[in-house]
Amino acid sequence: MKTESAKRRRSLRRGAQALALLAFAAAVPAVTATPAQAAVCSTGWSNKSDYKSGVHGTGVNYRSGPYTSCDPYGQWSNLQVYYHCWRYGTSVNGESVWWHVRREGTQQQGWVLASYLGIWSDDPAEKC
């Protein structure tokens with residue numbers, strides 16, 4: 001009789017533990033990127049100009065999208081780029097315009113914050 005009672009208590013304890021685990025799992029949200037968040041970094045662009053400018057600074061990230069959360073492809077320092085088009089993205093020190101650019105003489109391209117480029121607001125390039 002004692003063994004039957006002990007088995008029943010263990011079974012009830014395991015059931016209660018399983019329920020507690022399920023309740024905890026339901027309360028904790030999963031941390032995954034939503035399709036909308038992933039799509040932000042694969043922002044479309046088109047080559048709407050053939051204007052050239054410089055990247056001013058050292059170690060300037062060029063990214064997969066116009067947001068600081070987008071992966072950097074690498075870094076550039078004091079070089080020439082062709083700028084294609086612009087769009088709004090993450091604001092950094094009050095600047096929220098990002099340009100899609102390509103490094104001169106290469107196929108390296110990505111998004112760079114406008115404050116690192118020698119582009120003036122009256123340049124004739126278009127929004128992406």
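The values are calculated or read from the model by the stated rules, or taken from the named source; none is laboratory data. Note that this is a predicted model, so its numbers are computed, not measured. In this analysis, Cβ positions are derived from the backbone assuming ideal geometry, glycine residues included, and neighbour counts consider all displayed protein chains. For the accessible areas, the whole protein counts, side chains as well, though only heavy atoms, and no ligand, DNA or RNA atoms are used. Shrake-Rupley method; radii C 1.70, N 1.55, O 1.52, S 1.80 Å.
Each row is one residue, and each column tells you yes or no for (1) surrounded by fewer than 15 Cβ atoms within 10 Å (Cβ to Cβ); (2) of a type outside the set (Val, Ile, Thr).
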| residue | (1), (2) |
| --- | --- |
| 43 | no, no |
| 52 | yes, yes |
| 62 | no, yes |
| 77 | yes, yes |
| 95 | yes, yes |
| 105 | yes, yes |
| 114 | no, yes |
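Across region 79-93, what is the total count of residues that are small (Gly, Ala, Ser) and open to solvent by less than 30 Å² (accessible area, probe 1.4 Å)? Quick ask: steps written out before the conclusion?
Our first condition is that a residue be small (Gly, Ala, Ser); within region 79-93, this holds for 89, 91.
Next, from what is left, pick out any that are open to solvent by less than 30 Å² (accessible area, probe 1.4 Å): 89.
Count: 1.
Six or more apart or on different chains, Cβ atoms under 7 Å: show the pairs whose first residue is in region 92-104 and free of Cβ contacts under 8 Å to residues at least 24 places away in the same chain and polar (S, T, N, Q) and whose second is open to solvent by 50 Å² or more (accessible area, probe 1.4 Å) and part of a strand (DSSP E or B).
Every condition considered, the pairs that remain are 96/88.
Please note which strands (runs of 3 or more DSSP E) are completely contained in region 67-128 and include at least 3 residues that are within 19 Å of residue 54 (Cβ to Cβ) and of a type in the set (A, V, I, L, M, F, W, C). Spell out the reasoning first.
Working: elements: 72-76, 79-92, 95-103, 109-113.
Those strands (runs of 3 or more DSSP E) span 79-92, 95-103, 109-113.
Somewhere in region 71-83, is a residue among the β-branched types (Val, Ile, Thr), closer than 18 Å to residue 40 by Cβ and touching a residue at least 24 places away in the same chain (Cβ under 8 Å)? So that I can check it myself, show each step before the final result.
Filtering region 71-83 down to residues among the β-branched types (Val, Ile, Thr) leaves 81.
From what is left, the residues that are closer than 18 Å to residue 40 by Cβ are none.
No, region 71-83 contains no residue that is among the β-branched types (Val, Ile, Thr), closer than 18 Å to residue 40 by Cβ and touching a residue at least 24 places away in the same chain (Cβ under 8 Å).
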